[in-house]
Amino acid sequence: MSYHRVTDSPKKVIVIGAGMGGLATAARLAKRGHKVTIFEATDSVGGKCRTEWIDGFAFDVGPSLLTLPAVYRDLFLKTGKRIEHVLNLKPVDPAFTYVFHDGKKIVFPNLSHNKTVTAVSEAFGNEAGNQWHNLMQRAEQMWDSSRESFIEGELRSPLQLLKRKSFFSDLKTIAPFTSLRSLTSRYTDNTYLKKIIDRYATYTGSDPREVPAVLLTIAFVEEAFGAWHVEGGLGSLATALETRVRDLGVELYTGMKVVKIEVNKGSATGVTLEDGRFIEAEAVVANADAQLVYNQLLSKNRKTARPRKSLRKATPSLSGFSLLLGLEGKSDLGHHTVFFPEDYDAEFDDIFKFKQPVRNPAIYICNPDDQKMREAADSESWFVLINAPRHEPLGGFDWNAPGVREQYANHILDLMEQRGLNVRSRLNVMEIRTPADLEVRTNAPGGSIYGTSSNGARSAFLRARNRSPIKNLYCVGGSAHPGGGLPLVGLSAEIVATAVEEN
Ligand SMILES: Cc1cc2nc3c(=O)[nH]c(=O)nc-3n(C[C@H](O)[C@H](O)[C@H](O)COP(=O)(O)OP(=O)(O)OC[C@H]3O[C@@H](n4cnc5c(N)ncnc54)[C@H](O)[C@@H]3O)c2cc1C
């Protein structure tokens, strides 16, 4: 995909939503000379990707880890000044600390396979170090086989994959009908390593026992291309992108909700806003969650029956319960720490089967080593994230039921204290965010973090395609191909910008 020539036929394009996918598509299209307008329903840009300040403490309330920064380097480079001119990207070293129920601990270095193997060997023995090496080798092969066909281009149908020359060897490498859990078990019986690998399924809001083995590539990508922080918080990525799109002449309106995508003779013609105005366009790019696009913004018709059916079949992504803790004084907690429970399977049963808050969850804490994220030098801002079932008052879990948020927050603080984290005595600020809050703040149905999950061998094909069945209507972002998380959302924008140009 290249952007070497400015278009001869500029189009009027409307983007619904100023999440990372919407902003990135707008930037690419505006750079090529198209006239782009973004309508964002909430009062701020970035969607799930935002940094919030509360009484002198800053929190990344969405993404707190950037992987595959090349995607955003490419975006900034191709739409104007290089990313280094506008943001300070920092590798996080060590990348992660994992603490297990029995007190065992391992610290993963950043950007070094050899050092990681050494760390695993020292913590769990040489055999485990070799097993990690073999797992990462397999993950790299999977990355090479899947990158082009599954991630960097449009995924139109399984047939498209069949036509590839390397189809049979790719199939063997990717093992599409094997789950991540099963594949890991073939390489290691080390329960600590298994938990570390299992957790990568949650990077797509999924269950390690259900997701295809190819998700092992996430572990490889993190190890090979690193874990990164953006100085000032990852939300700076969104605000830098807002500046970029405005510099490129994009008209961006916040607090303006789109209530309908208008279609005439099978082709999108524009959108209707909440205030009743119709805005005409030659192309509409929907960054809103695909569930909203197909079930609310479009009138139901035969053409959209298939994606609606696929979305019904797909398992929605898990959500998150978070605590924003502004703490006095300093601790020795690293930038990213995960405290694993003894029974990790119970977490996925609670979320996907019983649809209830996890009793003994994995606790992820982001304690950014970034002075620009707090006013007082002698303080810390912790973002604590617990995987949680979506907000689903009918037939699922109601996060707005009286007392639920406070009780669960207290339960998490108790669990943290049991792990030796003395938080209550240092507490200066505490805010609770439930999946219901996430839904309201980001317009993500049920507070799903990643749209639909990757549970099931067919999950990639159930996700919304970038080109909708309605001509001139495109879907971009975490709920569309290739999926959620900042890197994939950035790639989704590149695919959609190219598709808009091609039509
Ligand atoms: C708690 C949490 C932790 C996460 N951690 C990580 C992480 O560490 N690393 C990582 O890479 N990713 C992480 N993610 C995922 C990542 O944030 C998302 O995948 C990504 O930001 C989604 O971008 P998007 O383009 O899909 O847009 P979204 O962020 O979903 O934004 C869509 C926008 O569309 C707007 N919209 C919706 N409907 C309408 C309408 N009708 N009219 C106008 N506007 C509308 C919404 O208000 C919203 O602003 C995390 C997410 C969360 C919530």
Query raised in the report: Per-residue HN-Hα couplings for the stretch 105-119, Karplus 6.51 cos²θ - 1.76 cosθ + 1.60 at θ = phi - 60°, whole Hz, x for Gly and Pro?
Result: 9, 9, 10, 8, x, 9, 6, 8, 5, 4, 5, 5, 4, 4, 4
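By average Cβ neighbour count within 10 Å, what is the ranking of 320-332, 490-502, 33-45 from highest down?
Numbers: 320-332: 18.8, 490-502: 23.2, 33-45: 20.5.
Averaged packing, sorted descending, gives the order 490-502, 33-45, 320-332.
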Report summary line: Length gained if VAL6 through GLN418 is fully extended, taking 0.36 nm per residue and subtracting the Cα-Cα distance, is 142.4 nm
Query - Anchor LYS313: lysines whose Cα lies under 16 Å away (excluding residues fewer than 8 positions away in-chain) - result: LYS353
Report task. Mind checking the full-extension length gain between ASP43 and LEU333? Use 0.36 nm per residue of separation minus the Cα-Cα distance, one decimal, nm. Result -> 101.0 nm
Query raised in the report: Could you give the distance between the Cα centres of the stretch 394-427 and the stretch 29-46, to the whole Å?
Result: 38
Requested in this report: Would you mind calculating the gained length between TYR253 and SER182 on full extension (0.36 nm times residue separation, minus the Cα-Cα distance), in nm to one decimal?
Outcome: 20.8 nm
Query raised in the report: Tally Lys and Arg at +1 and Asp and Glu at -1 over the other residues with C-beta under 14 Å from the C-beta of ILE351: what net charge comes out?
Result: -3
Query raised in the report: So how far apart, in nm, are the two label points at LYS35 and ARG246 if each is 7 Å from Cα heading toward Cβ?
Result: 2.2
Query raised in the report: If you look for lysine pairs in the stretch 68-224 that are eight or more places apart or on different chains, how many of them have Cα atoms under 23 Å apart?
Result: 13
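Output needed for the chain: three equivalent-ellipsoid semi-axes, defined as square roots of 5 times the C-alpha gyration tensor eigenvalues, in descending order, whole Å. Display every interim value, and only then the final one.
Numbers: eigenvalues 240, 141, 103 Å².
Three semi-axes, in Å: 35, 27, 23.
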Requested in this report: Note down the magnitude of the dipole of the chain about its Cα centre, charges +1 on Lys and Arg C-beta and -1 on Asp and Glu C-beta and zero elsewhere, to the nearest 20 debye.
Outcome: 2400
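What FRET efficiency comes out for ASP345 versus LYS105 if R0 is 22 angstrom and r is the Cβ-Cβ distance? Round to the nearest 0.05. If you can, show how the numbers build up before the last one.
Values: r = 22 Å, r/R0 = 0.98.
E(calc), rounded to 0.05, equals 0.55.
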Query raised in the report: Between the helical axis of 20-31 and the dominant principal axis of the chain, each derived from Cα atoms, what acute angle in degrees is found, rounded to the nearest 10?
Result: 40
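By average Cβ neighbour count within 10 Å, what is the ranking of 432-443, 113-124 from highest down? Provide the component values of the computation, followed by the final result.
On the way: 432-443: 20.6, 113-124: 17.3.
Result, highest mean Cβ count within 10 Å first: 432-443, 113-124.
Tell me, Kirkwood radius of the stretch 73-124 from alpha-carbon pair distances, in Å? Don't skip to the answer; put the middle values down first.
Numbers: mean 1/r = 0.0742 Å⁻¹.
For the stretch 73-124, inverting the mean 1/r across all distinct Cα pairs yields 13.5 Å.
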Report summary line: Once phi for every residue in the stretch 64-74 is put through the Karplus expression 6.51 cos²θ - 1.76 cosθ + 1.60 (θ = phi - 60°), the whole-Hz ³J(HN,Hα) values, with Gly and Pro written as x, are 10, 9, 10, 10, 6, x, 4, 4, 7, 4, 4
Report summary line: For the chain, the longest principal axis of the Cα atoms and the Cα long axis of helix 126-146 enclose an angle in degrees, to the nearest 10, of 0
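Hey, could you get me the Stokes-Einstein D for the stretch 315-447, Kirkwood radius over alpha-carbon pairs, 20 °C and 1.002 mPa s, rounded to whole µm² s⁻¹? Intermediate values should be presented prior to the final figure.
Values: Rh = 15.5 Å.
Value of D from the Cα-based Kirkwood radius: 139 µm²/s.
With Kirkwood's inverse mean 1/r over C-alpha pairs for Rh, give me the Rg to Rh ratio of the stretch 114-226, two decimals please. Please report the intermediate quantities before stating the final value.
Working: Rg = 14.5 Å, Rh = 14.6 Å.
That ratio is 0.99, to two decimals.
Could you please report the charge total around LYS11, scoring K, R as +1 and D, E as -1 over all other residues with beta-carbon less than 14 angstrom from its beta-carbon? Provide the component values of the computation, followed by the final result.
Details: positive: LYS12, ARG28, LYS31, ARG32, LYS35, LYS471; negative: ASP8, GLU280, GLU282, GLU501, GLU502.
Neighbour charge sum, excluding LYS11 itself: +1.
What FRET efficiency comes out for VAL440 versus LYS300 if R0 is 22 angstrom and r is the Cβ-Cβ distance? Round to the nearest 0.05. The partial results should precede the final answer.
Numbers: r = 25 Å, r/R0 = 1.16.
Calculated value: 0.30.
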Query - Rough spin-label spacing in nm, given labels placed 7 Å along Cα→Cβ, for ILE432 and ALA457 - result: 4.3
**Report entry** Cβ crowding within 10 Å averaged over residues, with 19-28, 479-488 ranked highest first
**Finding:** 19-28, 479-488
Requested in this report: Provide the per-residue ³J(HN,Hα) series for the stretch 379-385, in order, calculated from phi with Karplus coefficients 6.51, -1.76, 1.60 and θ = phi - 60°, each as a whole number of Hz, with x at glycine and proline positions.
Outcome: 7, 9, 10, 9, 9, 9, 10
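Rule-based calculations on the coordinates, nothing more; no lab input. Here the structure is a predicted model, which is why all the values come from computation and not from measurement. Neighbour counts are summed over all protein chains in view; Cβ atoms, including those assigned to glycine, are modelled from backbone coordinates with ideal geometry.
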